[in-house]
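Input: a single structure, listed below in structure tokens.
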Amino acid sequence: MTEVIDLRSDTVTKPTAEMRKAMAAAEVGDDVYGEDPTVRKLEQIAAEKIGKEAALFVPSGTMGNQVAAMTHLQRGEEVIVEAESHIFYYEVGGLALLAGAQARTIPGRKGFMEPELITAAIRPDDLHFPRTGLLCLENTHNRAGGAVLTAEQTRLMAKAAQEQGIPVHLDGARIFNAAIALGTDVRVLTAPVDSVMFCLSKGLGAPVGSILAGTNEFIRKARKNRKVLGGGLRQAGILAAAGIVALEQMVDRLAEDHAHARFLAEELANIPGLTIDPAAFPTNILICSVAKLGISAARFSALLAQHGVLANPVSATELRFVTHKDVTKAQIKTAISIVNQIVKAINQF
Ligand SMILES: *Cc1c(COP(=O)(O)O)cnc(C)c1O
């Protein structure tokens with residue numbers, strides 16, 4: 001059987017041996033009654049690490065973002081989002097369905113929206129207009145290839161909303177990747193925003209779970225919204241135990257994923273027919289065009305899969321490669337040689 005090298009996403013990571021041990025040994029209770037000591041411990045550690053007063057354990061990043069939207073927004077309000085953002089693009093219309101909000105998109109450059117565009121999108125007080133109730137940011141930016149927002153960019157965007165009394169939510173599913181790439185404390189990146197969500201799964205390797213963080217008051221309300229979505233879990237300490245290991249042991253090693261991505265990008269850039277600018281991808285997500293080969297990204301992805309390399313098409317001509325803890329340097333090298341073989345075969349025709 002050919003070995004499978006799975007570069008589709010960092011969501012495919014499996015829990016570590018330490019996580020499984022911690023899960024087996026976790027002290028648990030009914031978390032809906034607030035009686036699970038391991039969940040409480042995770043929420044405390046997470047709040048501390050992310051630099052907010054309080055934190056809430058949620059089953060998924062999507063639920064974290066949606067609970068944040070429900071908590072910040074009133075029905076019929078407008079939420080400003082970046083046009084390619086996860087919360088707008090990949091969350092099944094939840095802003096409309098769950099928060100009852102209307103999304104207003106602004107184009108960004110690698111996730112950065114010009115503050116003047118944000119200011120211009122904020123609705124004046126007018127009988128005809130919805131009230132602007134929230135601004136959402138995303139760091140790292142998924143569809144922009146793991147692009148990083150600096151603390152200064154975050155501050156500038158947040159200020160445009162906050163100076164008009166509008167709160168700011170950060171979709172920080174991969175915020176620790178951003179902090180590692182910038183070599184900064186993650187709290188510098190979250191300080192400007194009112195609430196933040198990050199994933200314990202994905203690169204940090206926990207099997208399940210995300211964190212929503214903000215003020216004590218915000219989290220108290222968010223807890224109720226989590227409950228209405230069915231996210232009130234009982235003996236969730238089993239899951240939270242893995243989250244604690246993720247936060248304590250798995251953050252610093254994200255640098256390795258970034259180094260692997262860099263190496264992969266540089267090697268792909270040398271293959272004739274492929275187009276990728278390694279400098280454009282500072283974290284663990286790469287986007288590579290196969291347009292010059294005259295083949296669709298879907299077809300290229302299928303050819304790769306026949307050789308045991310998994311990578312998803314993200315447009316008609318582009319493939320996405322994501323590095324993570326369960327792909328070794330040796331496997332990256334194997335993947336590169338398989339890409340090379342396939343490209344050579346295509347170029348022969
Ligand atoms: C993965 C992701 C989410 C959602 O996380 P799930 O746990 O898959 O629901 C939200 N935002 C971004 C930017 C993501 O990459």
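The values are calculated or read from the model by the stated rules, or taken from the named source; none is laboratory data. Keep in mind that what you see is a predicted model, and the values were worked out from it rather than measured. Virtual Cβ from ideal backbone geometry, glycine too; neighbours counted across all protein chains shown.
Residue under question is Leu117, and the condition is that it be of a type in the set (A, V, I, L, M, F, W, C), under 30 Å from Ser315 (Cβ atoms) and in contact with a strand residue (DSSP E or B) (Cβ under 8 Å, 6 or more places away or on another chain); does it hold? Yes; evaluated as a whole, the condition is true for this residue. Scanning segment 267-304 for residues that are assigned to a helix (DSSP H, G or I) and among the aliphatic types (A, V, I, L, M) gives Leu268, Ala269, Ala279, Ala280, Ala291, Leu293, Ala297, Ala298, Ala302, Leu303, Leu304. Within segment 94-117, the set of residues being part of a loop (DSSP other than H, G, I, E, B) and either more than 16 Å from the ligand (Cβ to nearest atom) or not assigned by TED's automatic domain parsing to the domain that holds Ala161 (or both) comprises Gly100, Ala101, Pro107, Glu114.
Scanning segment 61-73 for residues that are of a type outside the set (A, V, I, L, M, F, W, C) and touching a strand residue (DSSP E or B) at 6+ places or on another chain (Cβ under 6 Å) gives Gly61, Gly64, Asn65, His72. Checked against the criterion of being in a helix (DSSP H, G or I), more than 18 Å from Ser195 (Cα to Cα) and within 16 Å of the ligand (Cβ to nearest atom), segment 78-93 contains one or more residues that satisfy it. Checking each residue in segment 91-101 for being surrounded by 14 or more Cβ atoms within 10 Å (Cβ to Cβ) and farther than 11 Å from Ala69 by Cα picks out only Glu91.
Scanning segment 227-247 for residues that are within 16 Å of the ligand (Cβ to nearest atom), over 24 Å from Thr150 (Cα atoms) and buried (at least 24 other Cβ atoms within 10 Å of the Cβ) returns Ala236, Leu239, Ala240, Ala242, Gly243.
A search for C-beta distances below 7 Å between a residue of segment 78-92 that is assigned by TED's automatic domain parsing to the domain that holds Asp125 and any residue that is of a type in the set (Phe, Trp, Tyr) and more than 10 Å from the ligand (Cβ to nearest atom), counting only pairs 6+ apart in sequence or on different chains, returns Val81/Phe88. Every test in (1) away from the ligand (no atom under 15 Å from the Cβ); (2) within 19 Å of Gly230 (Cβ to Cβ); (3) assigned to a helix (DSSP H, G or I) is passed by Lys49 save one, and that test is (2). The sole residue among Ile285, Ile332, Ile336, Ile271 that is touching a residue at least 60 places away in the same chain (Cβ under 8 Å), under 21 Å from Asn139 (Cα atoms), surrounded by 14 or more Cβ atoms within 10 Å (Cβ to Cβ) and not assigned by TED's automatic domain parsing to the domain that holds Gly172 is Ile285. The strands (runs of 3 or more DSSP E) found entirely in segment 123-237 that carry 1 or more residues being under 30 Å from Ala25 (Cβ atoms), touching a strand residue (DSSP E or B) at 6+ places or on another chain (Cβ under 7 Å) and in contact (Cβ under 8 Å) with a residue 60 or more places away in the chain are 195-199, 210-214. Among the residues of segment 97-120, is there at least one that is aliphatic (A, V, I, L, M) and closer than 21 Å to Ile211 by Cβ? For segment 97-120, residues aliphatic (A, V, I, L, M) and closer than 21 Å to Ile211 by Cβ: present.
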